[in-house]
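Below: the structure, in structure tokens.
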Amino acid sequence: MFKTVNTRLLFLLCFVLSVGVFTACKKDNDASSSKVELFSFGPTGAKHGDTLRFIGNNLNKVTAIELTGAKVEQSAFIQQNTELITIIVPKETQQGFVTLKTPSGDIVTKTKLNLNVPVKITTMTAQARPGENITITGDYLNWVNRITFEKNKVVDTFVSKSLNQLVVKVPADAQTGKLMLSTGGTEPMEIITDSVLKVTLPSITALSPNPVKHQANLTITGTNLDLAKQILFTGVKKPVTTFVSQSATQIVVKVPDSSTKGKITLVAASGVTVQSTDDLTLVLPATTSLSPNPIYAGADLTITGTNLDLVSAISFTGVKTAVKTFVSQSPTQLVVKVPDSTTKGKLTFSIINAAVTSQSSDDLTIILPSITSLSPNPIDIGADLTITGTDLDLVSAISFPGVSAPVTTFVSQSATQIVVKVPVGTAKGKLTFSVVKSAATVQSATELTINGGPTEVPFKLVVYDDAINSGWQIWGGWGNTNDPANTERVKTGAKAIKITYSDAYGGFQLHPNNTFPLPNPTYTTLRLSIYAGANATATSRVAVYAKDATDPTDAQTKILTLVPGTYTTYEIPLTAFTNNPAKINELVIKNYGTANIVIYVDEIGFY
């Protein structure tokens, strides 16, 4: 039933009595004295049932001996004369002072009697709740001075203690585990129980309602729920310690606003946790349709679904500020005006009393102009260009390639046609259309060609045209993110390189597999086309490096000024690079001072 660990204590008994004002430890020199005197008693380390001897003077006058927990009458003395009394130590004896009873008064020892006690355990309560009493039976349990529960939880106060039984209250923060009983005596022991005391924990049987709304009351049913001190919700950092109500079979608690789907965890005073079997699911808005879709910016959008009355705000893609005012709202339908600048994407719903959000299942698409033809093409500078398509009444401006300022005044405009004069400086390329109430732009599918305008010399070596040449690699560089297959802004073909600079001096790197020397009779000019996008201004610049990477100091630079909102083609004679590089094994397009600029690069090559 137990394991014993002995800690031997060397113990010496020195015993002194007092009768009235008498405190001496030595024998009185007057042999005729009638006083009862005790000089010593022992032996040290006696056990229950052993013989205990008392040596003194006039001990024949002692009528009884009281030990802590037991009393031996004169009739039970084994031997008694003037100098010696012997008794058997009763089983009930505990550590303490000894009192000799005499007609003249009590004689109390100045030191305590201590014994060598073989404490034993026979039974122990198997399971209990924190705060309940457990009973331990055995022998000499009155010598136990403390009990240590699991995790070093020490209890030294007992409900009751007797020779054969200990009753102790289970601490509120006790954990399941074995007990260790510490005893007194001349050889103190630490007794570890073989069996485990199982400390009762709360248990969850049901969560209701489930699903539940944020900040609504959740009812947790189960057993021993009054033992729960904290509740942990999935997604919530801090435990909930304040409940609406609590009993042994039920806890009612408000669901925190940042709760997400997951288990409920109860924490006992001991820190031990128990989890629910089922996940708690939160009620969130869900959409079944967006109508109309596609839709015009500024028009009323009807959202159908469930729990839409929980929506407190809607975030539209491309719009910084969430919409909090609705045309109408019910649990199954919400009508809201689509804000200006909305672009294609999902709607995000903020929820009343909650720090979580939900999204629409479908993307909302904004109606944008679509161009079907440019006529005439080729065209003269200053001539009227007829643009046909759909929703052209949404066009607010047209950017022509090679022209820095967009055209905002048209000869005529309708939903299916725009007539506009071709401005001076227009170069070959696609037209870019700005849209009313939107940050989005659209491009013509075909390029506009100018009569008598410059024709581009064919490349002898293509570096990029819809994809990187197999003889080149994109190393990426630093201070940027890039997409070499982007379709947002294309000069020719279907793709261009989108470069987003996070650093005002970030660099995008291209590397040839085989370095070629310069001057080179085959290649004399580098040509590339750049569309200056987000955050670009008329003063934004990039630097093109023709670099010999084997000599980091030999970076040959050409500075280019960007034209926002349109593709501009740059032709750079290789002799224009400063210091005229001896060879090229790296090309770098480096941002030149404008933070967070976005550019698109197309048609890179040598001729």
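The values are calculated or read from the model by the stated rules, or taken from the named source; none is laboratory data. Computed from a predicted model, the values in this text were never measured in an experiment. Glycine also receives a Cβ, built like all others from the backbone with ideal geometry; neighbour counts cover every protein chain displayed.
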Which of the residues that make up the range 536-546 are within 44 Å of the chain's Cα centre (by Cα), buried (at least 17 other Cβ atoms within 10 Å of the Cβ) and β-branched (V, I, T)? V542
What are the residues in the range 236-254 that are more than 15 Å from S276 (Cα to Cα) and assigned to a loop (DSSP other than H, G, I, E, B), if any? V236, K237, K238, P239, T241, T242, F243, V244, S247, A248
Specify the residue that is surrounded by the most Cβ atoms within 10 Å (Cβ to Cβ); the eligible residues are those in the range 317-361 that are under 18 Å from S258 (Cβ atoms) and of a type outside the set (A, V, I, L, M). F349
Would you check if there is a residue in the range 534-553 being aromatic (F, W, Y), modelled with pLDDT of 90 or more and at negative phi? no
Report yes if I584 is buried (at least 16 other Cβ atoms within 10 Å of the Cβ), of a type in the set (V, I, T) and modelled with pLDDT of 90 or more, otherwise no. no
Is there a residue in the range 194-210 that is surrounded by 17 or more Cβ atoms within 10 Å (Cβ to Cβ) and at pLDDT below 95? no
Would you be able to say whether some residue in the range 33-41 is over 30 Å from T123 (Cβ atoms), at pLDDT below 90 and surrounded by fewer than 16 Cβ atoms within 10 Å (Cβ to Cβ)? yes
Being in the same structural domain as E586 (by TED's automatic domain parsing) and under 43 Å from the mean Cα position of the chain (by Cα) narrows D465, D483 down to just D483
Just to be sure I understand, how many residues within the range 488-535 are surrounded by 16 or more Cβ atoms within 10 Å (Cβ to Cβ) and among the polar types (S, T, N, Q)? 5
Which of the residues that make up the range 167-197 are farther than 26 Å from Y140 by Cβ and touching a strand residue (DSSP E or B) at 6+ places or on another chain (Cβ under 8 Å)? D173, Q175, T176
Condition met for Q215 (assigned to a loop (DSSP other than H, G, I, E, B), more than 16 Å from S270 (Cα to Cα) and not aromatic (F, W, Y)): yes
Testing P171 on (1) modelled with pLDDT of 95 or more; (2) crowded, with 19+ Cβ neighbours inside 10 Å, one condition comes back false. Which one is that? (2)
Those residues of the range 255-277 which are buried (at least 17 other Cβ atoms within 10 Å of the Cβ), hydroxyl-bearing (S, T, Y) and not in a loop (DSSP other than H, G, I, E, B) amount to T265
I'd like to check something: does the range 389-402 contain any residue that is assigned to a strand (DSSP E or B), touching a Lys or Arg at 6+ places or on another chain (Cβ under 8 Å) and not hydroxyl-bearing (S, T, Y)? no
So P202, is it free of Cβ contacts under 8 Å to residues at least 12 places away in the same chain and within 24 Å of Q275 (Cβ to Cβ): no
Within the range 105-160, the residues that are among the aromatic types (F, W, Y) and either on the phi > 0 side of the Ramachandran plot or in the same structural domain as G56 (by TED's automatic domain parsing) (or both) are Y140
Given the condition of a type outside the set (D, E), under 30 Å from L225 (Cα atoms), in contact (Cβ under 8 Å) with a residue 24 or more places away in the chain and crowded, with 16+ Cβ neighbours inside 10 Å, answer yes or no: does some residue in the range 100-123 qualify? no
Quick one: is T343 polar (S, T, N, Q) and under 27 Å from H214 (Cα atoms)? no
Considering only strands (runs of 3 or more DSSP E) fully contained in the range 107-197, which possess at least 1 residues that are more than 20 Å from T44 (Cα to Cα) and in contact with a Leu (Cβ under 9 Å, 6 or more places away or on another chain)? 120-124, 133-139, 144-149, 165-169, 180-183, 189-193
For the subset of the range 371-388 comprising residues that are among the hydrophobic types (A, V, I, L, M, F, W, C), over 52 Å from the mean Cα position of the chain (by Cα) and not in a loop (DSSP other than H, G, I, E, B), which member is modelled with the lowest pLDDT? I379
